[in-house]
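Here's the structure, in structure tokens; my notes come after.
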Amino acid sequence: MNTKKYAAEAIGTFWLTFAGCGSAVIAAGFPQVGIGLLGVSLAFGLTVVTMAYAIGHISGCHLNPAVTVGLAAGGRFPTNQILPYIVAQVVGGIVAAGVLYLIASGAPGFDLAKGFASNGYGDHSPGKYSLFAGFLTEVVMTMMFLFIIMGSTHGKAPAGFAPLAIGLGLCLIHLVSIPVTNTSVNPARSTGPALFVGGWALQQLWLFWLAPLIGGALGGIVYRWLSEEPRGAVVGTAPAE
């Protein structure tokens with residue numbers, strides 16, 4: 001078993017969900033000095049940059065079921081590892097949401113009904129965007145995210161800069177799409193908070209699995225078409241146990 005790779009994916013996804021969603025739940029609206037939409041977008045990008053340098057050599061640092069599926073569709077990840085990677089990522093996202101809940105609920109006035117950084121459409125979209133708008137946004141954003149990942153991790157790309165390109169890409173994605181869906185592009189990140197909010201968040205969670213997975217696969221396929229020679233499997237180098 002690739003125990004260390006799965007552990008790395010769980011820890012990395014924990015960090016992405018805890019720090020990214022934590023920036024939204026704890027710091028975004030803090031009176032007078034809150035970080036706002038720009039700060040939350042930067043926080044999500046920084047989680048990927050920091051973890052890519054920390055665990056990229058261990059697991060490839062996917063942190064996202066859509067990334068795992070997209071890399072497999074692009075010929076850069078073995079299909080027999082898709083399920084265990086996704087399980088590890090979802091576990092990390094759920095644990096992160098639990099830790100964030102324990103911290104955030106320590107403040108007076110905390111209310112899960114405020115959303116707890118969950119993703120949504122319609123009445124639960126920050127900007128009240130429709131189901132179609134949310135679906136299209138998540139597909140396109142995840143597709144472009146995979147396009148960036150496939151290109152920056154390609155064997156012929158400039159060495160050492162992939163984490164910066166990927167992290168900045170995720171930051172840009174959030175800058176555009178937070179008003180639409182609160183930005184998922186990551187089913188594991190969406191699942192953790194939704195389990196704690198329940199109700200509408202769980203009812204709408206299907207979209208934040210379906211759309212990112214479709215977008216991820218499309219991004220992987222399109223980039224593979226542009227660059228027919230797959231270079232550099234994104235799997236890390238941790239030995240199997």
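The values are calculated or read from the model by the stated rules, or taken from the named source; none is laboratory data. Just so it is clear, the model here is predicted, and its values are computed rather than measured. Ideal geometry is used to build each Cβ from the backbone, glycine not excepted, and the neighbour counts take in all protein chains shown. Each accessible area value is taken on the protein alone, full model and side chains, heavy atoms only, with ligands, DNA and RNA left out. Shrake-Rupley method; radii C 1.70, N 1.55, O 1.52, S 1.80 Å.
The condition of being on the phi > 0 side of the Ramachandran plot and touching a residue at least 12 places away in the same chain (Cβ under 8 Å) holds for only one of 116, 135, 145, that being 116. Among the numbered conditions (1) farther than 22 Å from residue 177 by Cα; (2) among the aliphatic types (A, V, I, L, M); (3) not in a helix (DSSP H, G or I), the only one that residue 10 does not meet is (3).
Looking at (1) open to solvent by 20 Å² or more (accessible area, probe 1.4 Å); (2) part of a loop (DSSP other than H, G, I, E, B); (3) under 19 Å from residue 20 (Cβ atoms), which one does residue 91 not meet, given that it meets all the others? Only one criterion in (1) open to solvent by 20 Å² or more (accessible area, probe 1.4 Å); (2) part of a loop (DSSP other than H, G, I, E, B); (3) under 19 Å from residue 20 (Cβ atoms) is unmet by residue 91, namely (2). Filtering segment 94-104 to residues that are within 23 Å of residue 7 (Cβ to Cβ), of a type in the set (A, V, I, L, M, F, W, C) and crowded, with 16+ Cβ neighbours inside 10 Å leaves 94, 95, 96, 97, 100. Of everything in segment 17-32, what is open to solvent by less than 70 Å² (accessible area, probe 1.4 Å) and either within 12 Å of the chain's Cα centre (by Cα) or on the phi > 0 side of the Ramachandran plot (or both)? Give them in sequence order. Within segment 17-32, 17, 18, 19, 20, 21 meet the criteria.
Of all the listed residues (165, 188, 194, 159), the sole one being surrounded by fewer than 22 Cβ atoms within 10 Å (Cβ to Cβ), within 16 Å of the chain's Cα centre (by Cα) and closer than 25 Å to residue 11 by Cβ is 165. Contact annotation: residue pairs with Cβ atoms under 7 Å, 6 or more positions apart or on different chains, pairing a residue in segment 206-223 that is under 16 Å from residue 131 (Cα atoms) with a partner that is open to solvent by 20 Å² or more (accessible area, probe 1.4 Å) and assigned to a loop (DSSP other than H, G, I, E, B), are 207/121.
Inspection of segment 205-224 identifies no residue that is over 15 Å from the mean Cα position of the chain (by Cα), in a helix (DSSP H, G or I), modelled with pLDDT of 95 or more and under 20 Å from residue 23 (Cβ atoms).
Here the condition is being within 13 Å of the chain's Cα centre (by Cα) and either assigned to a helix (DSSP H, G or I) or more than 17 Å from residue 150 (Cβ to Cβ) (or both); of 52, 97, it holds for 52 alone.
The residue list 165, 157 contains one member that is among the small types (Gly, Ala, Ser) and at pLDDT 95 or above, which is 165.
Table: residues versus (1) over 27 Å from residue 159 (Cβ atoms); (2) at pLDDT 95 or above; (3) open to solvent by less than 10 Å² (accessible area, probe 1.4 Å).
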position: 12; (1), (2), (3): no, yes, yes
position: 15; (1), (2), (3): no, yes, no
position: 34; (1), (2), (3): yes, no, no
position: 46; (1), (2), (3): no, yes, no
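Being aliphatic (A, V, I, L, M), out of contact with any helix residue (DSSP H, G or I) (no Cβ under 7 Å at 6 or more places or on another chain), open to solvent by 20 Å² or more (accessible area, probe 1.4 Å) and part of a loop (DSSP other than H, G, I, E, B) is a description that applies to residue 107.
Based on what the data block shows, is residue 39 modelled with pLDDT of 95 or more and under 14 Å from residue 95 (Cβ atoms)? Spelling it out, it is not the case that residue 39 is modelled with pLDDT of 95 or more and under 14 Å from residue 95 (Cβ atoms).
Considering segment 55-85, the residues that are open to solvent by 10 Å² or more (accessible area, probe 1.4 Å), in a helix (DSSP H, G or I) and among the hydrophobic types (A, V, I, L, M, F, W, C) include one that is farthest from residue 12 (Cα to Cα), namely 73.
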